[in-house]
Amino acid sequence: MTEPLTDATVLIADDESAIRDLLRDILEPEGATVKTARSGTEALKLIESDNPDLAILDVRMPAPDGLAVLQMLRAKGNDLPVLIITAQDSSTVTIEAMQRGAYDYIAKPFEPDEVLLVVKRAIEHRRLTQRVMALEQQVAKDPRDIMIGRSQPMQQVYKLIGRVAPSDSTVLITGESGTGKELVAQVLHRTSPRGEGPFVAVNCAALPETLLESELFGHEKGAFTGALTQRKGRFEQANKGTIFLDEIGEISPNTQKKLLRVLQERTIERVGGNMPFKVDVRVIAATNRDLLADVHDGKFRDDLYYRLNVINIHMPPLRERTDDIPLLVHHFLTKRRPAGQAPRITEAAMEALLGYDWPGNVRQLENTIERAVVMAQSRLISPEHLLLTDPPPTSDQGLSAGLERLLNAGGTLETILGDLRQRLVALVLDRHQGDQAAAARALGVEERDLDGARRRVT
């Protein structure tokens with residue numbers, strides 16, 4: 001539902017008094033304050049003096065014309081939403097207007113209801129952009145703050161970071177893939193007394209066991225085939241700073257044992273060496289696994305778990321912080337372009353983003369926006385540019401509708417339960433980024449059963 005136009009100021013620039021009067025009659029009863037101009041020169045003066053929320057510009061009016069005024073605004077970095085009034089058959093002008101940064105256009109002759117709908121959407125876009133920019137300015141006040149989000153779940157994360165950062169305590173960051181666990185580690189480091197020291201990140205899942213130990217602790221010359229020189233490990237490189245161990249749940253029992261010793265004694269020993277030495281480093285670890293379940297299953301050492309989990313910070317999934325989606329979208333759209341040149345997103349596209357389940361979390365949202373910018377090939381992103389798959393039912397009504405469709409297709413109890421099982425398995429696999437072991441643990445089944453269901457789904 002679009003917001004009323006109360007407190008909105010709309011500039012109408014057209015040399016035909018009948019058009020100005022008609023638009024005024026449409027907008028003023030909705031609560032808008034209407035300003036009028038008969039030429040491009042008058043329009044530019046009113047935009048500068050009155051700072052309207054929207055400008056409606058006729059293409060053909062005394063110089064500068066509507067397209068020229070639009071171009072002047074964009075050249076100055078003014079992102080005022082602009083609607084262009086065009087003739088019904090002027091497709092070339094319409095395309096040019098959109099390329100120059102118009103929000104939308106109104107074709108003559110126009111219907112009052114259509115004009116009102118387009119104007120309300122433009123005003124809503126303006127208000128949303130202003131709210132987002134205000135929030136982004138709050139974030140920018142502290143250059144160390146690189147996290148985007150002002151929802152209640154994120155406020156809890158910020159509070160924990162503020163309490164924990166000044167200490168040297170070991171921190172375990174948990175959460176689904178794509179939620180921003182490494183960003184939390186970076187902020188913890190930057191806001192700590194070690195902020196001027198090195199921040200060294202290690203993806204434990206990306207290295208085989210044979211290389212991980214050498215990567216973490218270093219090696220002596222001749223320790224193994226190919227060890228031609230002595231090499232410092234990541235712990236030594238992070239001395240006086242912070243080491244971030246991502247995907248800590250993937251390390252082998254042997255490496256777990258050696259890491260425990262580091263946490264207990266703050267000493268390391270290079271591979272092939274026999275001289276332990278002290279390191280001054282803060283340890284932050286992260287995982288998307290249920291480490292406590294791994295402890296119960298004998299896959300992860302309980303003593304190491306409790307050493308790592310001195311303080312836990314849990315990153316909420318994006319579906320639990322949907323209030324942050326507009327701010328994140330604006331951030332991703334303006335990441336590589338100034339705000340005035342960044343593509344814009346329609347109300348319908350934003351509603352689609354807000355209603356999606358986001359199994360891949362913030363990382364998936366960023367990839368979706370990046371893809372949409374390419375697909376749109378213009379400065380206006382619509383729902384068809386998002387390429388979102390249908391989210392699973394999130395309510396009893398949605399589930400009932402899905403079951404009714406299966407029944408109407410002639411399904412029996414056995415086939416319906418089988419179909420639901422396959423869909424659930426596909427959803428859980430998607431949320432765990434294809435990690436069958438993690439998905440099997442989440443569903444409480446054997447991995448081989450999950451693999452069979454996955455093959456049926458695909």
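The values are calculated or read from the model by the stated rules, or taken from the named source; none is laboratory data. Computed from a predicted model, the values in this text were never measured in an experiment. Virtual Cβ from ideal backbone geometry, glycine too; neighbours counted across all protein chains shown.
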Mind checking which helices (runs of 4 or more DSSP H) fall wholly inside segment 263-337 and carry at least 1 residues that are closer than 30 Å to ILE381 by Cα?
-> 325-333
Conditions (1) under 27 Å from TRP358 (Cβ atoms); (2) modelled with pLDDT of 90 or more; number of the one not met by SER151 = (2)
Tell me, please, whether a residue that is over 35 Å from the mean Cα position of the chain (by Cα), over 30 Å from HIS330 (Cβ atoms) and not hydroxyl-bearing (Ser, Thr, Tyr) can be found in segment 48-60.
-> yes
For segment 413-427, indicate whether the set of residues that are at pLDDT 65 or above, part of a loop (DSSP other than H, G, I, E, B) and not assigned by TED's automatic domain parsing to the domain that holds THR179 is non-empty.
-> no
Consider only pairs whose beta carbons are under 9 Å apart and that are at least six residues apart or on different chains; among these, list those whose first residue lies in segment 149-166 and is closer than 21 Å to PHE332 by Cα and whose second residue is surrounded by fewer than 13 Cβ atoms within 10 Å (Cβ to Cβ) and at pLDDT below 90.
-> GLY149/GLN155; ARG150/GLN138
Are there any pairs, at least 6 apart or on different chains, whose C-beta atoms fall under 6 Å, with the first in segment 213-236 and not assigned by TED's automatic domain parsing to the domain that holds ARG261 and the second part of a loop (DSSP other than H, G, I, E, B) and at pLDDT 85 or above, and if so, which?
-> none
Return the total of residues in segment 25-42 being closer than 15 Å to LEU70 by Cα and not in a loop (DSSP other than H, G, I, E, B).
-> 4
Which of the residues that make up segment 93-108 are among the hydrophobic types (A, V, I, L, M, F, W, C), over 27 Å from the mean Cα position of the chain (by Cα) and assigned to a helix (DSSP H, G or I)?
-> VAL93, ILE95, ALA97
Would you check if there is a residue in segment 51-68 being surrounded by fewer than 15 Cβ atoms within 10 Å (Cβ to Cβ), modelled with pLDDT under 80 and over 22 Å from SER17 (Cβ atoms)?
-> no
Do we find that ARG60 is within 21 Å of MET98 (Cα to Cα), touching a helix residue (DSSP H, G or I) at 6+ places or on another chain (Cβ under 8 Å), outside any loop (DSSP other than H, G, I, E, B) and not hydrophobic (A, V, I, L, M, F, W, C) in this structure?
-> no
Residue set ALA352, ALA285, ALA348, ALA342; condition surrounded by fewer than 16 Cβ atoms within 10 Å (Cβ to Cβ) and not assigned by TED's automatic domain parsing to the domain that holds GLU124; output residue ALA348
Taking the stated definitions as given, is ALA37 outside the structural domain of ALA349 (by TED's automatic domain parsing), surrounded by fewer than 17 Cβ atoms within 10 Å (Cβ to Cβ) and farther than 30 Å from VAL329 by Cβ?
-> no
Check SER192, SER214 and return the single one that is small (Gly, Ala, Ser) and either under 25 Å from VAL362 (Cα atoms) or not in a helix (DSSP H, G or I) (or both).
-> SER192
Could you tell me whether GLY40 is in contact with a helix residue (DSSP H, G or I) (Cβ under 6 Å, 6 or more places away or on another chain), farther than 20 Å from THR346 by Cα and not polar (S, T, N, Q)?
-> yes
Could you say whether any residue in segment 324-338 is out of contact with any strand residue (DSSP E or B) (no Cβ under 7 Å at 6 or more places or on another chain), surrounded by fewer than 18 Cβ atoms within 10 Å (Cβ to Cβ) and modelled with pLDDT of 90 or more?
-> no
Only one residue in LEU5, LEU73, LEU117 is surrounded by 19 or more Cβ atoms within 10 Å (Cβ to Cβ), within 36 Å of the chain's Cα centre (by Cα) and in a helix (DSSP H, G or I), so which one is that?
-> LEU73
In segment 5-31, what residues are of a type in the set (Ser, Thr, Tyr), more than 17 Å from PRO109 (Cβ to Cβ) and out of contact with any Ser or Thr (no Cβ under 7 Å at 6 or more places or on another chain)?
-> THR6
